[in-house]
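So the structure is just underneath, and the comments pick up after that.
The values are calculated or read from the model by the stated rules, or taken from the named source; none is laboratory data. Because the structure is a prediction, the values reported are computed rather than measured. We place every Cβ from the backbone using ideal geometry, glycine too, and count neighbours over all the protein chains shown. The protein model used for the area step is the full one, side chains on, heavy atoms only, and it has no ligands, DNA or RNA in it. Shrake-Rupley method; radii C 1.70, N 1.55, O 1.52, S 1.80 Å.
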Amino acid sequence: DPYLPFREMMEMLAGDAGAVAGHTRRMFPLVAQALLADGPDLVNIFIPGATLGQHTAAFTRDSNWVDQLMTLIERKTTSPDASSLRQEDLFRQYTTVLQIVARQMPILLIIDDMQWADLGSISLLFHLGRHLEGSHILVVGAYRSEEVALGREGERHPLAPLINEFTRTWGQITIDLGQADGDAFVRALL
């Protein structure tokens, strides 16, 4: 499912997936305004317009961004034009929206089972890794190293070059949880 972990993250940022109501209400205007200003093409690709519409309905119409967001949602729903979008532009918009939100509140992105990630998600993760330095964003990814070592469909696993590049850039980035000592390890790491 293309970009599934990143679609789920964007939906959570916008208050979906059972987020606490007070947190959602406080964060949603920030996410909505970031989408309007720097991520309009993410609507209906990384976050469903229906989800945005439901959350926007909870806010009064006296906010200028509410009307603008409803207009954007309607435009993206009635005349979607994803054919002319370049992956690079979507990645830039996604990164910028995260950076805008992170200026107000730190973000922790957790991606589990990365060994199953699609190539688009791995490419977006690579883009984020190259452009989030200095942001208040921490990306944590979990994967089964033995499955990455085996490769995928007879080829090198697409996650392997990303891990190698991040290790080359930032040094030791992996933690082998199989060698960790449970709670004591977590406490020491924190």
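List of remarks:
- Taken together, the criteria exclude Leu150 from residues that are modelled with pLDDT under 90 and over 21 Å from the mean Cα position of the chain (by Cα).
- The one condition from (1) assigned to a loop (DSSP other than H, G, I, E, B); (2) within 30 Å of Arg152 (Cβ to Cβ) that Ala58 does not meet is (2).
- Residue ID - least open to solvent (accessible area, probe 1.4 Å), chosen from residues in the stretch 136-158 that are more than 30 Å from Gln104 (Cβ to Cβ) and of a type in the set (A, V, I, L, M): Val148
- Cβ separations smaller than 7 Å between residues 6+ apart or across chains give no pair from the stretch 90-117 residues that are under 23 Å from Thr174 (Cα atoms) and touching a residue at least 12 places away in the same chain (Cβ under 8 Å) to residues that are of a type in the set (Gly, Ala, Ser) and part of a helix (DSSP H, G or I).
- So Thr95, is it within 13 Å of the chain's Cα centre (by Cα), of a type in the set (Val, Ile, Thr) and over 16 Å from Ala32 (Cβ atoms): yes
- Check on Tyr94, crowded, with 16+ Cβ neighbours inside 10 Å and either farther than 22 Å from Ile45 by Cα or modelled with pLDDT under 90 (or both): no
- Check on Ala102, among the small types (Gly, Ala, Ser), open to solvent by less than 40 Å² (accessible area, probe 1.4 Å), in contact with a Ser or Thr (Cβ under 6 Å, 6 or more places away or on another chain) and under 23 Å from Ala14 (Cα atoms): yes
- Subset of the stretch 106-133 [exposed (fewer than 15 other Cβ atoms within 10 Å of the Cβ) and under 17 Å from Gln93 (Cα atoms)]: Arg130, Glu133
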